[in-house]
Amino acid sequence: MFRGRSIHILDGKGRVAIPARFKEVLSTRGEDSLVITNEGNTLWAFCKADWTILEEKAGKLSQFDKSGVVFLRYFISGAEECKLKNNRITIPKKLRDDAGLKKEVVLVGELKRFEIWDKDKWDEEFERVKTSFADAAESLPELSI
C-alpha cells in the first residue's frame, strides 16, 4: 500500500523520482509501470493490476449513462501507462499540463494509489483537508475505522 508524502523535483523532461517506499510496493507486486490519469487538480497513479480492475468495472457501465460517459471521457481517456525506469517515471506533458505541475511536486500515498500534486496546489489542499478533518473523522466509526 502507498502511504506517506514526499516532495520531489520534476525535471524538464517530465521525469520524477519514485520514493523508495513506493518503489518497494511496486517491486513487491512485480510492477514495472504505473497508470496515471487526471483527477481535478492532481494526477492519480495506480499499479497496473489495480488499474485493470478499475477498467473492468468501467467496461460494465452503460454506454447511455451520462455519468458513465463523463467518467470514461475524462478519467479513463486521460490514462497513460508510464514505465518505471531508473526509479523514475516520465509524466506525459498533457497530464503535467492538466494538473498544472511545475518544478516541485508532492507524491501523496493513498493506499491503492498515490497522487501527484504541484507543491503549491498541494499546500492549499492540505490546509483545506486539515481544517475539515475533524468533521470528516466523525463518520469514520461507521466505516469501522
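The values are calculated or read from the model by the stated rules, or taken from the named source; none is laboratory data. Remember, it's a predicted structure, so these values are computed and weren't measured experimentally. Every residue, glycine as well, gets a Cβ built from its backbone with ideal geometry; the counts of neighbours run over all protein chains shown. When the accessible area is computed, the model is the full protein with side chains, heavy atoms only, and any ligands, DNA or RNA have been set aside. Shrake-Rupley method; radii C 1.70, N 1.55, O 1.52, S 1.80 Å.
Structure data summary
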| item | result |
| --- | --- |
| Neighbours by Cβ (under 8 Å, 6+ apart or cross-chain): first from segment 18-32, over 13 Å from residue 86 (Cα atoms) and touching a residue at least 40 places away in the same chain (Cβ under 8 Å); second of a type in the set (Gly, Ala, Ser) and part of a helix (DSSP H, G or I) | 31/49 |
| Close pairs (9 angstrom Cβ cut-off, 6 or more residues apart or separate chains): touching a residue at least 60 places away in the same chain (Cβ under 8 Å) and farther than 27 Å from residue 54 by Cα in segment 104-131, basic (Lys, Arg) and open to solvent by 70 Å² or more (accessible area, probe 1.4 Å) anywhere | 119/102; 119/103 |
| Qualifying positions in segment 41-61 - in a helix (DSSP H, G or I) and either open to solvent by less than 50 Å² (accessible area, probe 1.4 Å) or farther than 18 Å from residue 107 by Cα (or both) | 49, 50, 51, 52, 53, 54, 55, 56, 57, 58 |
| Cβ pairs under 8 Å, 6+ apart, first in segment 91-102 and over 12 Å from residue 115 (Cβ atoms), second charged (D, E, K, R) and open to solvent by 90 Å² or more (accessible area, probe 1.4 Å) | 102/120 |
